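Below: one structure, written as structure tokens.
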Amino acid sequence: MGREGGGHVVPVDPGTVVGGLKKKGAGARSWLLMDASGLETVLDVDKYEIMHRVQIHARDLRIIDPLLSYPSAILGRERAIVLNLEHIKAIITSEEVLLRDPSDDNVTPVVEELRRRLKPMNANREDQREEKDSNVQHDIETTDEDESPFEFRALEVALEAICSYLAARTLELETAVYPALDMLTSKISSRNLDRVRKLKSQMTRLTARVQKVRDELEQLLDDDDDMADLYLSRKLSGASPVSGSGAASWFLASPTIGSKISRASRASIATVRGDENDVEELEMLLEAYFMQIDGTFNKLTTLREYIDNTEDYINIQLDNHRNQLIQLELFLSSGTVCSSIYSLIAGIFGMNIPYSWNQEHGYMFKWVVAISGIICAVLFILIISYARFKGLVGS
């Protein structure tokens, strides 16, 4: 294939797309184009060629720029769907899907799934012929499933990939968090606290990512106009001056559209022509993945609650230890006061001052020592009893 616009267009073998891109080293500017017939092409073009090809503005293209940090978004434009879901950055039209950086390890499963869903027409016919020989009814059901518009099939692959990716990250986090929290509750140490702190930071970031995708799907489900903007095949049919029986001749007469648009898109145009406000098909598609991402979000919420409960339990343990130290301090302080009184009496009698009353009364020393010790012990018992009576010391 020759030059197109200002960039190179290189047809590739489906089995060597990822490896070929890595060798070229142009992943940051590479796009994988896959049309409705399953044909794959690697495009090394600039942003102006992409804007002209899919008819979007520069601000829409900046949303899927990997060098810029934009939140997840699904935007419906006149002739394209701009898709920015974490690492999945794509532009979907009614005839083709442009996937950015297909050599990325996280994008590779999306490429493989697109190949499976959008196999070449010859392969589809062979599969259908084999299925027809084995099970005619199954062939009819498979044909009915393929009647979904091309843009919805590509969108479903992206939604399934991002939901599975976030669910897998959540499962990995759960596997690491629960043992770490159990270890922390059994032994409170700086190492365990630091480990839980890092896991909590990861959970906070992952929750924000999941919530953004969830909010985007919820926003689409709440607005029928936004969902209607994603019906590219319907809008394409609405732009045609013919309707009903003239649709087939219009597709055949248009070399740029009729040669590329798939059988699925034409079938969708025929079914949706009667009601342009009907978004039930897309609504069911989005609801399915909204429930999946909402389940992932609920898992993260439950995980956060478990972490908060563990933190509360640890704080209770620390408070209990702190109270025990306060009780010990009270015992020591009470003992110190009583010992000070005893030391005061000993100091008075130990002064090197001649007293007339201590002459010929040496037997009084043992009584003074015994009585002073008994008074100090009774005073200590009274202090501790008063503290227990007031609830300051546990019984």
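The values are calculated or read from the model by the stated rules, or taken from the named source; none is laboratory data. Bear in mind the structure is a predicted one, so any value in this text is a computation, not a measurement. When we count neighbours, we look across all protein chains shown, and the Cβ atoms used for this are built from the backbone with ideal geometry, even at glycine. Heads up: the accessible areas ignore ligands, DNA and RNA and are worked out on the full protein's heavy atoms, side chains in. Shrake-Rupley method; radii C 1.70, N 1.55, O 1.52, S 1.80 Å.
Observations on the structure shown:
- Sequence of ARG169, ARG195 when ordered by accessible area, the most exposed leading, probe 1.4 angstrom: ARG195, ARG169
- Over 26 Å between alpha carbons, listed pairs LYS89/LYS212; LYS89/LYS235; LYS187/LYS390: LYS187/LYS390
- Ligands, DNA and RNA are left out, and with a 1.4 angstrom probe the accessible area of the stretch 28-67 is 47 Å² per residue.
- Solvent-accessible area of LYS390 with every protein chain in place, 1.4 Å probe, in Å² to the nearest 10: 110 Å²
- Two-decimal log10 I(q)/I(0) for the stretch 155-202, as the Debye equation yields it once each C-alpha is a single scatterer, q = 0.15, 0.20, 0.28, 0.33 Å⁻¹: -0.49, -0.66, -0.95, -1.11
- As a rough guide to protection, the peptides 287-296, 200-209 ranked by mean Cβ packing within 10 Å, highest first, stand as 287-296, 200-209.
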